[in-house]
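Structure, as structure tokens:
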Amino acid sequence: MRLRVALALSASAAPLACTPEPASTVEMRQTVVEVVDQGRAMAIEDAIVALVGTVDPDESLTAIADAVVAGAATSVPCAVVERPGAVALRIWFGNKDTPCPFAGIGFSGTMRVVYTRPDGQGLLASVYYEPLRGDSTLLDGFSQLTWAADGSQRLVTEIRVDTVTERQVEVQSDRLLSPVDDARKVEGWRRWQTLMGSWEADLAGLMLAPAEFMPHAGLAAVDTPFNHTIVLDFIHEAGAARVRANGGRRDRLFDISGEGEVIDAGDG
């Protein structure tokens, strides 16, 4: 009889033991910090897409490279553009002490872009960061940009990011960028590795205005290294960036300053 009682108690306790604890407020805040750092990196990537990807993909490769050279001369006159080949460009933005402004970001360092048609039809822009710094965030690696018939662009990235918080983060991402009025819509995924472990974010309908590194609408479902999924809802209130995080015992609000500081605003 004693054994049966012990087994019954064990069976009834099993579902409770398997129920994960909600994410802590500390973990929710760290998730927002991670997404802010990723947002800074994505803003740099997207600015480079605007610089080298605002082209007619049906033009000849040489004409595309010509158009980017002309556009860079106008939009980033402080940069030095070299032409190592008919379909390849190298752009130097200066050194860290004298950054070159573009799209609201102070750039320094070097990037290259090569235009090809691997299948004989679709345009591929291969972008290499050698490395490239935007303000206090540094990218080292590459991106591949392709075009769709509806005007959207697919950006696949594999980079190392040196963040503002002095961490090195390995990143892989696959995003679809679509113009919507004066903003861009971002969907896809982004994975990154830190000393804490692996993070992954599914991005749904993120809306970003030019020169923004934080979305003003949309969702990101972030799988943390601590076996939680935290859903971030991006909103703008009174002109400020705000994030509602769901995944703890209660929703939590976080305000993001213009410098990227994450401020706990309490239960949401």
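Key figures for this structure:
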| quantity | calculated |
| --- | --- |
| Residues of the range 142-171 satisfying the condition of being in a strand (DSSP E or B), open to solvent by 20 Å² or more (accessible area, probe 1.4 Å) and farther than 17 Å from Phe213 by Cα | Phe142, Gln144, Thr146, Trp147, Gln153, Arg154, Val156, Glu158, Arg160, Gln168, Glu170 |
| Residues of the range 19-35 classified as open to solvent by less than 10 Å² (accessible area, probe 1.4 Å) and within 16 Å of Arg160 (Cα to Cα), total | 1 |
| Per-region count, the range 123-136, residues surrounded by 22 or more Cβ atoms within 10 Å (Cβ to Cβ) and in contact with a Ser or Thr (Cβ under 7 Å, 6 or more places away or on another chain) | 3 |
| First in the range 238-259 and of a type outside the set (A, V, I, L, M, F, W, C), second anywhere and open to solvent by 70 Å² or more (accessible area, probe 1.4 Å), Cβ under 8 Å, 6 or more apart | Arg242/His236; Gly247/Thr229; Arg250/Asp267; Asp251/Asp267; Arg252/Arg29; Arg252/Asp267; Asp255/Ile263; Ser257/Ile263 |
| Residue within the range 231-252 that is in a strand (DSSP E or B), closer than 30 Å to Ala149 by Cβ and over 13 Å from the mean Cα position of the chain (by Cα) present | yes |
| Count of residues meeting criterion [of a type in the set (Val, Ile, Thr), surrounded by 21 or more Cβ atoms within 10 Å (Cβ to Cβ) and in contact with a Gly (Cβ under 7 Å, 6 or more places away or on another chain)] in the range 201-252 | 1 |
| Given (1) at pLDDT 95 or above; (2) open to solvent by 20 Å² or more (accessible area, probe 1.4 Å), number of the condition Thr98 does not satisfy | (1) |
| Within the range 26-140, strands (runs of 3 or more DSSP E) holding 2 or more residues that are of a type in the set (Asp, Glu) and out of contact with any strand residue (DSSP E or B) (no Cβ under 9 Å at 6 or more places or on another chain) | none |
| Among residues of the range 107-122, those that are under 11 Å from Leu145 (Cα atoms) and open to solvent by 10 Å² or more (accessible area, probe 1.4 Å), counted | 3 |
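The values are calculated or read from the model by the stated rules, or taken from the named source; none is laboratory data. All of these numbers come straight from a predicted model, not from anything done at the bench. Heads up, the Cβs are rebuilt from the backbone with ideal geometry, glycines too, and the neighbour counts pull from every protein chain shown. The area values use the complete protein model at the heavy-atom level, side chains included, leaving out ligands, DNA and RNA. Shrake-Rupley method; radii C 1.70, N 1.55, O 1.52, S 1.80 Å.
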